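The values are calculated or read from the model by the stated rules, or taken from the named source; none is laboratory data. None of the values given here were measured: they were computed from a predicted structure. Here Cβ is always computed from backbone atoms with ideal geometry, including for glycine, and neighbour counts include all displayed protein chains.
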Amino acid sequence: MEHATKFYIDGKWVEPASNATAHLINPATEEVFATIAMGSAEDVDKAVKAARRAFPAFSKSSVEERIHLLQKIEAIFLRREREIAETVTQEMGMPISLSTTGLLDWCKVHTAATIEILKNFQFAEKLGTTTVYKEPIGVVGLITPWNWPIGQIFTKILPALATGCTMVLKPSQLTPLDAIILAEIMDEAGVPAGVFNLVNGEGRVVGEAISQHPDIDMVSFTGSTRAGIQISKSAADTIKRVVSELGGKSANIILDDADFDTAIESAVANCFFINGQACDAGTRLLVPRTRLEEATKLAAAAANANVLGSPADPKTTLGPVMNANQFARVQELIQTGIDEGARLVAGGTGRPEGIEAGYYVKPTVFSDVKPGMTIYREEIFGPVLSITAYEDLDDAVRIANDTVYGLAAHITGKNMDTIRKLSRELRAGSVFVNSPDWDPKAPFGGYRESGNGRECGEYGFTEFLEIKAVVGHG
């Protein structure tokens, strides 16, 4: 890739401040396929200064100008979408059937929703004798994860552009190539110099420099709870806003009146989404105790029906986890589940039969998982489902809320009165009912150790805005 060893700063592709590089490893083959530049605090400072210079003019751009810019980005993205999908599949093992549909669709529906919201968004409103203005917060640092790479980047850059902010993006150092393509798209679209800047690198170097930089007004971060805590600490000295979307250990409650054949199949697919590496996946499956054995058999069958193989093969439904460290962690947690007495009904430790290379994990299902077990409490981030029985609906709510996280919850059933009551009692930022299609206008974010703030829709806009009250203006 032409720009893999350069950064995009102030509207130009520039050489890094140092000659530090890193290899990218294809998780399906364990082979190096690219080399990228790794940034430093000096690179971040250059990018921040460019963004600061660009902010006065861009913050005053009209809504019509920003809509036109988003439409140009959208058009160029559509021309390069297949290239982006294939790049993501190579970077992190996402099956091509998902990267060409779900991932790209995410980007497209969020772009369309952002444009629609921007056309009608009220950046000023009258309240009595006061006019309240909603103004761009300034220079924002965007730090994105590897598991939903270009999708999470779109989730952040779209509201930043729409509200008139300028930005410095640090994608995951494990999946930077799709972000480089995006920078090429931004350049071709004519995004003003300094509005969008890209610096690759490690979180402990580039992410830390972004978090601590006094001229960055806000950090939007998606990733692990551990990293989110560190970013908040690093940002504290400069009192900047930190919006974080962190880990999850979401419950998926199957009600007794659900169609179990389809409900359990959907639950397994949800847990194994992105090769088991989705932060909002329903990894704790809660079923009525009287139907535990039925659910266990259905879940095991659904897990075993997955097709493992090359992510580039359209027939593949389950690819590898991200890297060797993630593979080792998932293996350790599967073994811990066995050691602590959970009933293994599908999968287990070791690579799947017939696969000699790649970070592939057997699609795994545990039943009889008790609260307090490690696999019940810890985010595994691999294709591992835990099934726990509940006695009644009050018990289901208690079990679902028994977690330090609160990113999402899932409910499947037919009685909507019951579902509405349950959804109000669950301590989670999103509740997904009967496996719905994604709504790009729905706010997304978590309670407790799953983070703070919200992304997507109008609520996503507000995170990038400051509120100014002009009293006596009315």
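Here are the numbers for this structure:
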quantity	calculated
Residue among Thr418, Thr403 that alone is more than 30 Å from Val243 (Cα to Cα) and of a type in the set (Val, Ile, Thr)	Thr418
Cβ pairs under 8 Å, 6+ apart, first in the range 1-15 and over 13 Å from Asp43 (Cβ atoms), second of a type in the set (S, T, N, Q) and modelled with pLDDT of 95 or more	Ala4/Thr35
Residue satisfying all of: in the range 397-420; within 16 Å of Ala267 (Cα to Cα) and not in a loop (DSSP other than H, G, I, E, B); farthest from the chain's Cα centre (by Cα) among these	Thr412
Test: residue in the range 153-175 that is out of contact with any helix residue (DSSP H, G or I) (no Cβ under 6 Å at 6 or more places or on another chain) and farther than 29 Å from Lys441 by Cβ	yes
Test for Tyr390: is it of a type in the set (Ser, Thr, Tyr), in the same structural domain as Met322 (by TED's automatic domain parsing) and farther than 27 Å from Ile419 by Cβ	no
Top-ranked residue of the range 458-474 - restricted to ones that are β-branched (Val, Ile, Thr) and surrounded by fewer than 16 Cβ atoms within 10 Å (Cβ to Cβ), ranked as farthest from the chain's Cα centre (by Cα)	Val471
Condition check for Gly282: assigned to a helix (DSSP H, G or I), touching a residue at least 24 places away in the same chain (Cβ under 8 Å), of a type in the set (Gly, Ala, Ser) and farther than 24 Å from Ala28 by Cα	no
Selection within the range 331-365 - in contact (Cβ under 8 Å) with a residue 12 or more places away in the chain and of a type in the set (Gly, Ala, Ser)	Gly337, Gly341, Ala342, Ala346, Gly347, Gly348, Gly350, Ala357, Gly358
Positions within the range 382-395 being crowded, with 20+ Cβ neighbours inside 10 Å, over 27 Å from the mean Cα position of the chain (by Cα) and not aromatic (Phe, Trp, Tyr), in sequence order	Ala389
Filter pass, Arg454 being over 16 Å from Thr283 (Cα atoms), surrounded by fewer than 16 Cβ atoms within 10 Å (Cβ to Cβ) and either modelled with pLDDT of 95 or more or not charged (D, E, K, R) (or both)	no
Members of the range 134-152 found to be buried (at least 24 other Cβ atoms within 10 Å of the Cβ), more than 14 Å from Gln173 (Cβ to Cβ) and among the aliphatic types (A, V, I, L, M), listed by number	Val139, Val140, Leu142, Ile150
Test: residue in the range 288-303 that is in contact with a Gly (Cβ under 7 Å, 6 or more places away or on another chain) and assigned to a loop (DSSP other than H, G, I, E, B)	no
Subset of the range 80-127 [in contact with a strand residue (DSSP E or B) (Cβ under 9 Å, 6 or more places away or on another chain) and charged (D, E, K, R)]	Glu91, Glu125, Lys126
Residues (within 17 Å of Lys414 (Cα to Cα) and of a type in the set (D, E, K, R)) located in the range 216-275	Asp256, Asp257, Asp259, Asp261, Glu265
For Asp402: the one exception among (1) within 29 Å of Gly223 (Cβ to Cβ); (2) touching a helix residue (DSSP H, G or I) at 6+ places or on another chain (Cβ under 6 Å)	(2)
Long-range neighbours under 7 Å by Cβ, at least six apart or interchain, first residue surrounded by fewer than 22 Cβ atoms within 10 Å (Cβ to Cβ) within the range 179-197, second of a type in the set (S, T, N, Q) and modelled with pLDDT of 95 or more	Ile181/Thr87
Residues of the range 232-279 classified as free of Cβ contacts under 8 Å to residues at least 24 places away in the same chain and closer than 16 Å to Glu449 by Cβ, total	2
Strands (runs of 3 or more DSSP E) enclosed by the range 84-153 - at least 1 residues per element that are under 16 Å from the mean Cα position of the chain (by Cα)	139-143
Qualifying positions in the range 270-279 - in a helix (DSSP H, G or I), crowded, with 24+ Cβ neighbours inside 10 Å and at negative phi	Cys271
Where Val242 falls short, out of the listed (1) buried (at least 24 other Cβ atoms within 10 Å of the Cβ); (2) under 18 Å from the mean Cα position of the chain (by Cα)	(1)
